[in-house]
Amino acid sequence: VNGWNFPTDLIYPMVEGPSVQPFEFSCGNNYHIIPYRKEDTLNPIPLKELVKEQKDLAIYFANHKDLLDKQSDKSKDMHRGEEFYALSKIGPYTFAPYLVAARDNSKFCASVVKPTLTPWGELKQSICVKHTIIISQDKYKRFITEDEAHYINGILNSTIVIAYIHSTFKTNGFSLNKSNLFLPKYQEGNELYTRIVNLSKEATKNSDRREFI
């Protein structure tokens, strides 16, 4: 209530890697300004537009320009757009309706991330940032459905996958891209896949059901 005076349309709940646990996640009191429109993640909203549409937010960015400029050169090279408040690691997948987030270090686990009810009463997608591995699209760039998310989530949280990841990588850096894990495309109506989906949904709703892994 007393945290900021900005319009909330560009503010999203934020999920960091340590907040991802098996079958659950938390945003805590973390929020992130995402100065992009869902329709264009290649470039942030131009400063001239921001000044007209959200003057307070533009001033906030300007007042913190020196701080933003302290990002590493590597991060700057990955920026999506040229504005000084541009972000890296952002794309259409950022705003996907359903996604699976996994930790990239310490203890491998995953959770289905869905929109979160904000303190101002709006249901908004939770944005995954530091130390998270995100799956929100298949290899053809199609967004996954809720059932597909739970199918992937169930597989990633299985004891055999967790053991494989921990035996393949050091605990300071897990990578699904380098793991060579094969996740068959989800098929609606497949009895085995449906069972995995249902188990993931049960474990997400009820912590007592998480022992099945």
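The values are calculated or read from the model by the stated rules, or taken from the named source; none is laboratory data. As the structure is a prediction and not an experimental result, all values here were calculated from the model. Heads up, the Cβs are rebuilt from the backbone with ideal geometry, glycines too, and the neighbour counts pull from every protein chain shown. For accessibility, only protein heavy atoms count, side chains too; no ligands or nucleic acids. Shrake-Rupley method; radii C 1.70, N 1.55, O 1.52, S 1.80 Å.
Listed values, structure above:
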quantity: Label-point gap, in nm, between GLN71 and ILE160 - each point 7 angstrom along Cα→Cβ; calculated: 4.1 nm
quantity: Under-5 Å amide H pairs with THR116, H placed in peptide plane, nonlocal only; calculated: LYS124, GLN125, SER126
quantity: Per residue Cα convex hull volume in Å³ - calculated over the chain; calculated: 142 Å³
quantity: Peptides 162-174, 21-33 ordered by average Cβ neighbours within 10 Å, highest first; calculated: 21-33, 162-174
quantity: Solvent-accessible heavy-atom area per residue, rounded to whole Å², over the chain at 1.4 Å; calculated: 60 Å²
quantity: Table column - 3J(HN,Hα) (Hz), segment 95-101, Karplus curve with 6.51, -1.76, 1.60, x for Gly and Pro; calculated: 9, 4, x, 9, 8, 10, 10
quantity: Karplus-derived HN-Hα couplings along segment 186-194 (A = 6.51, B = -1.76, C = 1.60, θ = phi - 60°), whole Hz, x at Gly and Pro; calculated: 4, 10, 4, x, 6, 4, 5, 5, 5
quantity: Phi to ³J(HN,Hα) by Karplus 6.51 cos²θ - 1.76 cosθ + 1.60 over segment 104-113, Hz, x for Gly, Pro; calculated: 9, 7, 6, 10, 5, 6, 8, 8, 7, 9
quantity: Span from the segment 61-124 Cα centroid across to the segment 137-193 one, whole angstrom; calculated: 22 Å
quantity: Calculated FRET value between SER26 and LYS48, using beta carbons and R₀ = 30 Å, to 0.05; calculated: 0.20
quantity: Cα pair distances exceeding 20 angstrom across segment 120-198, given as percent; calculated: 42 percent
quantity: Heavy-atom SASA rank of LEU99, LEU199, LEU181, LEU67 (probe 1.4 Å, accessible area, largest first); calculated: LEU67, LEU181, LEU199, LEU99
quantity: Amide proton proximity set for ALA110, modelled H, under 5 Å, gap of 5+; calculated: PHE23
quantity: GNM result for the chain, Cα springs below 10 Å: residue of ASP73, ASP138, ASP104 fluctuating most strongly; calculated: ASP73
quantity: Principal-axis tilt of helix 159-168 within the chain, Cα atoms, nearest 10 degrees; calculated: 60 degrees
quantity: With every protein chain in place, the chain: carbon and sulfur % of accessible area (1.4 Å); calculated: 51 percent
quantity: Folded to 0 to 90 degrees: helix 146-156 orientation relative to the chain principal axis, Cα; calculated: 70 degrees
quantity: Antiparallel DSSP beta bridges within the chain, percent to nearest 5; calculated: 90 percent
